[in-house]
1. Quick check for me: using +1 on Lys/Arg Cβ and -1 on Asp/Glu Cβ, what's the dipole size of region 14-87 about its Cα centre, in debye to the nearest 20?
2. Return the calculated 222 nm mean residue ellipticity for the chain, to the nearest 500 deg cm²/dmol, obtained by summing -39500 (n - 2.57) across DSSP H runs with n ≥ 4 and dividing by the residue count.
3. Go through region 104-121 residue by residue and turn each phi into a ³J(HN,Hα) via Karplus (6.51, -1.76, 1.60, θ = phi - 60°); whole Hz please, and just put x for glycine and proline.
4. Taking region 1-89, which GluC sites (Glu not before Pro) meet the DSSP loop condition and have no more than 16 other C-beta atoms within 10 Å?
5. Towards the positive end of the charge dipole of the chain, with charges on Cβ (+1 Lys, Arg; -1 Asp, Glu), say which of Ala30, Val18, Ile57 has the farthest Cα.
6. Taking a label point 7 Å from the Cα of Asp102 along the Cα→Cβ vector, which residues of region 79-95 have an amide N closer than 17 Å to it?
7. What net charge is computed for the residues neighbouring Val56, neighbours being all others with C-beta under 9 Å from the C-beta of Val56, Lys and Arg scored +1, Asp and Glu -1?
8. Could you give the size of the charge dipole of the chain about its Cα centre, using +1 on the Cβ of each K and R and -1 on the Cβ of each D and E, expressed in debye and rounded to the nearest 20?
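Coordinate-derived values only; no laboratory data. Computed from a predicted model, the values in this text were never measured in an experiment. Using ideal geometry, Cβ is built from the backbone for each residue, glycine included, and neighbour counts are taken over all protein chains shown.
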Amino acid sequence: MNTTAALYGLLSGDAALVAMLASYTPKGGATVVAIFDEEPPDGFIFSEGNARPCLVIDPPRRDAPDATLTERFRVVEQNVRLYAHRGTSNVAIDAAARRVRDLIHQRHEALTITGGRAIAASVAGPTQAPTSDRAVTGRLLTISLELQET
């Protein structure tokens, strides 16, 4: 059950969120929204013209099995981080972080999970995300999912 793919599909498919985020053009590719399932390319958030935030979906930080006599479950915790230039208004990054929260919190039915289904979803945050560069500000959301294997 690939929760990273499920989160990517949900977030990248929301027109309101996509409009709030930066875009980029990978080498030899077409321009796409700045949603990453790994760290952004070197220098991305420092590039001129990227005043809107980018979003990073981290791998699960917890993925634990659970079961009853007849069903198998997984409990997954996964972080989503947003980053933007500190010099820009916090309104844009806060709005994007709250949109992510609104798309997932108590909306487990919105997630498409291959090999299972989400039966509960909650989001903690947004809170301040740690950064190693004082020129960058960040927001952190922690997503908790309960998944039923099919």
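1. On the way: 8 positive and 11 negative charges, 29 e Å.
Rounded to the nearest 20 debye, it is 140 debye.
2. Numbers: 3 runs with 31 residues, N = 150.
After summing the helix terms and dividing by the residues of the chain, the value is -6000 deg cm²/dmol.
3. Once rounded to whole Hz, the list reads 10, 4, 6, 10, 4, 5, 6, 8, 9, 10, 5, x, x, 8, 7, 10, 7, 8.
4. On the way: sites: Glu38, Glu48, Glu71, Glu77; in loops: Glu38, Glu48, Glu71.
Here the GluC sites (Glu not before Pro) that fit, given the DSSP loop and packing criteria, are Glu38, Glu48, Glu71.
5. Towards the positive end, the residue furthest out is Val18.
6. Only 91-95 fall inside the zone, counting backbone N under 17 Å.
7. Details: positive: Arg81; negative: Asp37, Glu38, Glu39, Asp58.
Result for the neighbourhood of Val56: -3.
8. Working: 15 positive and 17 negative charges, 70 e Å.
Magnitude of the dipole: close to 340 debye.
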